[in-house]
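Please treat every number below as a calculation from the coordinates, not as lab data. Since the structure is predicted, the reported quantities are computational estimates derived from the model, not experimental observations. Here Cβ is always computed from backbone atoms with ideal geometry, including for glycine, and neighbour counts include all displayed protein chains.
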Amino acid sequence: MDSTSPDSDPALEAAGPAMAEATAESAATPGGPATYFDGSSNRRQTVAISLANQLVLRSADNYVSWPYADIRRVDSPTGTLRVGCLSASPLARLEIRDAALAAELIARCSHVDDNRLTRGALARIVGWSLAAAASIVAVVLVVIPFAADRLTPLVPPTMERHLGEAAVVQIQTVFGDKACSEAAGQAAFGKLVTALRVPAGLDDSIASQVLDTPIANAFALPGGRFFLFRGLLDKADDPDEVAGILAHELGHLKHRDNLRQLIHNGGSSFLIGLLFGDITGAGAVIFASRTIVNASYSREAEEAADSFAIQVMHKLGRPTRPMGELMFRITGKEDGKRPSLWASHPLTEDRLARMRAENRPPSGPPLLSAEEWRALKGICH
Ligand SMILES: [Zn+2]
């Protein structure tokens, strides 16, 4: 623009009279000194500005006017207002240090913050992010359980069997490949499982094993497999106790609870992974397989499996109280802080009360002879 001016000093001198002139024009027009960069050189010029119907910048050799609507704030150090103008040279800048004058100017520039991230815009972005997170949480809590219920019946048995086989590998990793196979014990176990399977309405594709582990537990896997741990046999006093627990596991198989749980936890942890930026899905797999091992079914699934076990025992004419007593013997009186394998199960005392209420005196033959029972107890020896 004005490259002939030697330096800014003449402009400074010129600012005085210009200001006086501006003030004289109208006492109602605010104004004051400011620093101006014309955008074509890095020369700083002191100018007098006046806020008339446009922003007017004057110096000895410059007269520039900026429409208020075109004025935009640009980054500046604290205590300085720095603005540019859309209809002027893109790099032209005006700096005002006088806070009152800066406020007067901003009050006239309705679009001064249009291309900046304002507090409102920032709040909107944060709001949308929170909404996205909340929707993922809602999907995990509401949609996935619903979807898991709908999807479970659609999973073909072959796929379920493959899932179960993958889970068996996990089990073997955790507990070692220590299946008990003492011949007489195995025969007794097979007899007991078959006796339960028939009234349970399950075909002979189900597979079961006793694992030589001191933990007192039993669990079912997708694909019709279930496991009984030796620790449970050790604590059992008669075949009806073990039969009730096995019937409960058959209930889980019949209701495909573990598959539902797998879909549920797999989907949930995948989405939770998304929320925390883990999109590999590896976390989901680990989460899901750990869930299978822990056999942490929902309370509802547990109650349904108990109901199923009660029905099976009724059909066999065998008492239901022994299974409640075995559960109680294993978990003891619940003190609310027991991090046991049974933690997600309904309170054992409630279950025992239910098994007692449903108890009927034996009307069917014993499920195992005394000799078979001894053999089963010794299956791991
Ligand atoms: Zn269960």
Per principal axis, descending, Cα span of segment 191-259 in whole Å: 28, 22, 16
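From the cross-link list Lys178/Lys254; Lys235/Lys315; Lys235/Lys377; Lys191/Lys377, which pairs have alpha carbons spaced over 19 Å apart?
Values: Lys178/Lys254 26 Å; Lys235/Lys315 25 Å; Lys235/Lys377 10 Å; Lys191/Lys377 14 Å.
Table pairs above 19 Å Cα-Cα are Lys178/Lys254; Lys235/Lys315.
So what's Rg/Rh here for segment 54-101, counting alpha carbon atoms and using the Kirkwood radius for Rh?
Details: Rg = 10.9 Å, Rh = 11.4 Å.
Ratio of gyration radius to Kirkwood radius: 0.95.
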Given H placed 1.01 Å from N in the peptide plane, which residues other than close sequence neighbours of Phe226 have an amide H under 5 Å from its amide H? Ala207, Ser208, Gln209, Leu221
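For segment 228-269, go through all pairs of different Cα atoms, get the mean of 1/r, take its inverse, and jot down that Kirkwood value in Å. Let's see the in-between values first.
Numbers: mean 1/r = 0.0841 Å⁻¹.
About 11.9 Å, per the Kirkwood formula over Cα pairs.
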Most packed first (mean Cβ within 10 Å per residue), the peptides 30-40, 202-212, 321-331 order as 321-331, 30-40, 202-212
According to the Kirkwood expression over distinct Cα-Cα pairs, how big is the hydrodynamic radius of segment 130-176, in Å? 13.1
Tell me, Kirkwood radius of segment 75-177 from alpha-carbon pair distances, in Å? 20.3
May I ask for the Rg/Rh ratio of segment 108-249, computed from Cα atoms with Rh as the Kirkwood radius, given to two decimals? 1.35
Using R₀ = 45 Å, calculate the FRET efficiency as 1/(1 + (r/R₀)^6) where r is the Cβ-Cβ separation of Ala107 and Leu130; round to 0.05. 0.85
